[in-house]
């Protein structure tokens with residue numbers, strides 16, 4: 001309702017029954033257009049809380065009027081012990097899976113170091129074996145033979161020389177025939193020993209070369225870290241374990257209802273042992289230290305004249321003589337439900353009366369300026 005208040009003052013003097021006095025002047029007081037509305041005190045922030053999973057209430061940790069901080073546990077459903085065991089098992093599996101993955105990397109690093117050391121050792125052995133072979137000169141007759149051919153030839157010659165020498169073995173050392181046969185036998189033995197040594201040197205070189213190649217092959221396996229397939233399996237195990245842990249922790253969190261902000265417990269609508277469902281309001285938390293006024297009957301005509309920032313004077317039905325200044329904080333973009341077309345305006349109070357409580361009736365005078 002638009003209220004226009006005006007006062008007219010006139011001064012009259014020297015009137016007589018026969019004459020009408022003419023006023024010397026007329027004074028009109030300035031008028032401030034006002035929009036009136038009724039409202040109620042409400043918290044600037046409040047929330048009707050509900051649980052996200054069904055269950056039986058095990059603990060209610062607050063009472064109406066209690067002050068709580070953001071994150072405080074307000075209510076807890078049954079099942080914490082079972083979930084705590086599941087979390088412990090999941091955490092153990094995460095630790096084991098992480099160790100298995102770490103061991104893959106550690107073992108790969110150790111194997112890489114060992115193969116590098118093995119390569120250095122085998123390279124030296126190859127050099128030594130090659131040096132022995134390169135500095136060995138076979139008998140002239142064996143030079144065009146392979147080592148195995150030379151050994152077979154030398155063995156045959158040694159057997160023949162021994163067969164020729166054997167009958168004269170116990171003859172006098174001064175016997176000419178014995179001396180000739182002994183000399184042939186010694187030459188054959190020397191050739192045989194040379195063939196054996198040559199084959200031994202070649203075998204050592206081949207063996208050390210094979211060992212070197214194996215060390216190089218092993219290094220190629222480990223130089224880039226663990227086997228990709230093993231890594232994939234270990235990583236998948238860790239991912240699954242972490243997912244299971246997160247899921248178990250989330251279930252435990254779902255059993256607890258926590259305060260979304262610091263405030264006062266205004267309602268407790270549940271009892272211990274009661275079954276509750278998701279979405280069922282069980283508690284109301286409000287910031288009662290910051291009350292504001294919410295209009296309830298600001299009609300569409302008046303709402304069109306109100307702007308954010310307009311000054312406001314607020315009085316309260318329950319607080320006679322209390323008058324509080326404020327400003328229009330916001331105006332709803334959509335009409336509120338109910339009879340008539342009304343819009344909710346939020347009034348921010350400059351001061352908060354000590355006895356003001358949530359829900360008290362307020363009378364709002366909004367200066368609209370025109």
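What the table shows:
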quantity: Helix axis angle, 228-254 relative to the chain longest principal axis, alpha carbon, degrees; calculated: 30 degrees
quantity: In nm, spacing of pseudo-spin labels at residue 40 and residue 190 (7 Å Cα→C-beta vector); calculated: 12.6 nm
quantity: Max mean-square fluctuation residue, GNM over the chain, Cα-Cα springs under 10 Å, options 82, 191, 103; calculated: 191
quantity: Residue order, fewest to most surrounding Cβ atoms within 10 angstrom, among 251, 144; calculated: 144, 251
quantity: GNM result for the chain, Cα springs below 10 Å: residue of 208, 174, 296 fluctuating most strongly; calculated: 174
quantity: Exposure proxy ranking, count of Cβ atoms within 10 Å, fewest first, for 94, 327; calculated: 327, 94
quantity: Extension gain from residue 256 to residue 335, taking 0.36 nm per residue of separation minus the Cα-Cα distance; calculated: 24.8 nm
quantity: Spin-label model distance (nm) - residue 175 vs residue 315, 7 Å beyond Cα toward Cβ; calculated: 15.6 nm
quantity: 329, 229 arranged by Cβ crowding within 10 Å, fewest neighbours leading; calculated: 229, 329
quantity: The chain - percent relative contact order, Cα under 8 Å, separation 6 or more; calculated: 32 percent
quantity: Answer label, with percent of Cα pairs over 34 Å apart calculated from the coordinates and candidates (1) 69; (2) 26; (3) 41; calculated: (1)
quantity: Added length on full extension, which subtracts the Cα-Cα distance from 0.36 nm per residue, residue 301 to residue 365; calculated: 21.5 nm
quantity: Estimated distance in nm for a label pair at residue 124 and residue 210, the labels positioned 7 Å out from Cα along Cα-to-Cβ; calculated: 2.3 nm
quantity: Angle in degrees between helix 147-165 and the longest Cα principal axis of the chain, rounded to the nearest 10; calculated: 30 degrees
quantity: Net length gained if the chain between residue 61 and residue 107 were fully extended (0.36 nm per residue, minus Cα distance); calculated: 11.4 nm
quantity: For the chain, calculated [θ]222 nm from helices alone, where every DSSP H run of n ≥ 4 adds -39500 (n - 2.57); calculated: -15000 deg cm²/dmol
quantity: Principal-axis tilt of helix 80-134 within the chain, Cα atoms, nearest 10 degrees; calculated: 30 degrees
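Each reported figure results from applying straightforward, stated rules to the coordinates on display, with no laboratory input. Here the structure is a predicted model, which means the values were calculated and not measured. Methodologically, a virtual Cβ is constructed for each residue, glycine included, from the backbone with ideal geometry; neighbour enumeration extends over all protein chains shown.
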